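The values are calculated or read from the model by the stated rules, or taken from the named source; none is laboratory data. Because the structure is a prediction, the values reported are computed rather than measured. Note that we place each Cβ from the backbone using ideal geometry, even for glycine, and neighbour counts take in every protein chain shown.
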Amino acid sequence: FDIDGTLTVSDGEVFQEALLGSTPQIFEGAVDVVQHYASAGIQPLYITGRTYHFQGPTIEWLDGQGLAHGPLHTTDGVREAFPGSNVESYKQAFLDHVSSLGVRVVAAYGNASSDVCRRGRPGSWGTTAGQRAGARTRPTR
């Protein structure tokens, strides 16, 4: 699961949190979607373009929203966090890494094409959430 703009209502939530101290607003139904997978025995994995500086507040936010526990992967630096190809490459490299360890990623949720980077992978599918909801890739075999 991507976080900003997917679980939260906008991509700018992280900046409001950092600069204004506000608590990011969660999309209605987001907890239910994550819980659906957790209840089926599927471990949620949170992958974000947020830098490691935001790891603590992000974990607190995930817990505070009642989202199912799962690993959180943040970027190592600001360069990877920039929208576009940098963040897409970072997310794709991480998913490739966990797949090489034998982890089967069965779905990916995000609000941008850089968030749903499992297209064309065996046994996986992706879908967009938020304002771009419904743009779903097909499962592959």
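Are any of the residues in the stretch 23-42 within 15 Å of residue 110 (Cβ to Cβ) and modelled with pLDDT under 85? No, because not a single residue in the stretch 23-42 is within 15 Å of residue 110 (Cβ to Cβ) and modelled with pLDDT under 85.
Residue pairs whose Cβ atoms lie under 7 Å apart, separated by 6 or more positions or on different chains, with the first residue in the stretch 90-102 and of a type in the set (Lys, Arg) and the second at pLDDT 85 or above, are 91/47. Does residue 126 satisfy the criteria of being within 16 Å of residue 46 (Cβ to Cβ) and either in contact with a Phe, Trp or Tyr (Cβ under 7 Å, 6 or more places away or on another chain) or at pLDDT below 75 (or both)? Yes: the conditions hold for residue 126.
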